[in-house]
1. Anything in region 101-149 that is under 17 Å from the mean Cα position of the chain (by Cα) and either within 16 Å of ligand 1 (Cβ to nearest atom) or among the aromatic types (Phe, Trp, Tyr) (or both)? List them, or say none.
2. Taking the stated definitions as given, is ALA14 small (Gly, Ala, Ser) and free of Cβ contacts under 8 Å to residues at least 40 places away in the same chain?
3. So for region 383-390 (the condition being part of a loop (DSSP other than H, G, I, E, B), touching a Pro at 6+ places or on another chain (Cβ under 9 Å) and not hydroxyl-bearing (Ser, Thr, Tyr)), does at least one residue qualify?
4. Pairs under 6 Å by beta carbon, first residue without any contact (Cβ under 8 Å) to a residue 12 or more places away in the chain and acidic (Asp, Glu) in region 344-358, partner away from ligand 1 (no atom under 12 Å from the Cβ) and assigned to a loop (DSSP other than H, G, I, E, B), six or more apart or different chains?
5. Give the residue, chosen from GLY291, GLY286, that is within 16 Å of ligand 1 (Cβ to nearest atom) and either at pLDDT below 95 or in a loop (DSSP other than H, G, I, E, B) (or both).
6. Only residues that are of a type outside the set (Asp, Glu) and either within 16 Å of ligand 1 (Cβ to nearest atom) or part of a helix (DSSP H, G or I) (or both): list them for region 246-269, please.
7. If you check LYS83 against the conditions, is it buried (at least 17 other Cβ atoms within 10 Å of the Cβ), within 16 Å of ligand 2 (Cβ to nearest atom) and not in a helix (DSSP H, G or I)?
8. Identify all residues within region 282-297 that are buried (at least 18 other Cβ atoms within 10 Å of the Cβ) and free of Cβ contacts under 8 Å to residues at least 40 places away in the same chain; write none if there are none.
Amino acid sequence: MNGWSPESWRSRKALQQASYPDQAALAAALAELAELPPLVTPWEIHTLKDQLARAATGHGFLLQGGDCAEHFTDCQSDVIANKLKILLQMSLVLVHGLKQPVIRVGRIAGQYAKPRSADLETRGPLTLPSYRGDLVNGPEFTPEARTPDPKRLLRGHGRAAMTLNFIRALSESGFADLHHPENWDLAFMAHSPLADDYRKVLDALGESLRFMQVVGCGDSGELARVQFFASHEALHLPYEQALTRRVRQFDGWFDLSTHLPWIGFRTADPDGAHVEFMRGIANPVGVKLGGGLSAAWLEDLVQRLNPTREEGRLVLIHRFGVERIERELPPMIDAVRSTGQPVLWVCDPMHGNTETTARGYKTRRFERILDELCLAVDIHRELGSRLGGVHFELTGDDVTECLGGARGLNEIDLERAYCTQVDPRLNYEQALEMAMAIVRKIRGTPAAAVRF
Ligand code: PEP
Ligand code: CO
């Protein structure tokens, strides 16, 4: 690839990078990282790319979800298992409802670096570097915690490896076995107004699988396993570079820190360092698209990231917000069409719909999230395009960070279990309800009836 190397990004402007006071310690940590085993393999990456390519032509749907920011303390069996469970359960609802394969991608096992609106944070007389995610520094407001520490790069790699190891083990050992959906229930589901609906879906799915086994259609071993991929924002370029490798059996370079790295909205400048880095790796690549972009900008971006128009390479994740999507999305769809690029369109209905309550909680309303998704489905349809996936910030736990949903969480409820350090996530029930609502919408239930 012309002029590209794993470090060619260094000649471009890199936004949102940590500023390490001890450069020798940084170099030592990166050298050690570069010798450690990778976290994923090129074979898995190719499998994902093939599936994304099929989804882009209408044969598949991407479900991408997880934390806004993972923390090293999230590397615990329950936290990981609950996240896996909600993603698997949502995907089950989607597979059953959409009659399509669903590609499951977590924001997991590496979502440790965050872009921030300011480099510094001031509290009273003290000004310190902003918290940039556990990969860089700690959230506590002390000079020790906030000073970027290169050893965190090695801890991040270790935590991501442990998380992936547990996910792989659970997937292989029958936790994800579709023949046993009863394993997937979480205790508080029993109180959900959606429990009956959900059980009907599970019964119907179990029935289909048993039927396929009886008639000997397909390999039931294959059917019983679910595939699960990892993704994170590839924000910390020295970390990503250290895990970018070549393997004998394939052409090109792979970022083996994750299957699907994405470029955040704030770092998507076509001339910037993040786009330079991502243009040369062989992974599929996501890009977040937000308000205020021009068609010419997007055309330039997609051509740079995918000059050969490879299928399965580009995942465009729009996050305009319910107020702006009708104005901003159509020109983007037209722009991409004019380039002839085969992209997968995905809606992130979280990041354009964030607000702060009178009591100071950063939150999102379930109804607005769902409204943006419904508009996205309609706009793509009207323009002869297709919404091929969804991107959520969610957790498998019973947190109270987003308002609304079937239980009608209100501003007082937010105080009960508001746990996020960065953005508000859908809780278990809200996420499952969202999956059911997506099915209703895509299958053509009138908009007014999409909500429960
Ligand atoms: C995120 O996905 O957490 C994020 C920061 O999103 P965006 O780049 O779309 O603002
Ligand atoms: Co976020």
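1. VAL105, GLY106, ARG107, ILE108, ALA109, GLY110, GLN111, TYR112, ALA113, LYS114, PRO115, GLY133, listed by residue number.
2. no
3. yes
4. none
5. GLY291
6. THR258, LEU260, PRO261, TRP262, ILE263, GLY264, PHE265, ARG266, THR267, ALA268
7. no
8. Selection gives VAL285, VAL287, LEU293.
The values are calculated or read from the model by the stated rules, or taken from the named source; none is laboratory data. All of these numbers come straight from a predicted model, not from anything done at the bench. Here Cβ is always computed from backbone atoms with ideal geometry, including for glycine, and neighbour counts include all displayed protein chains.
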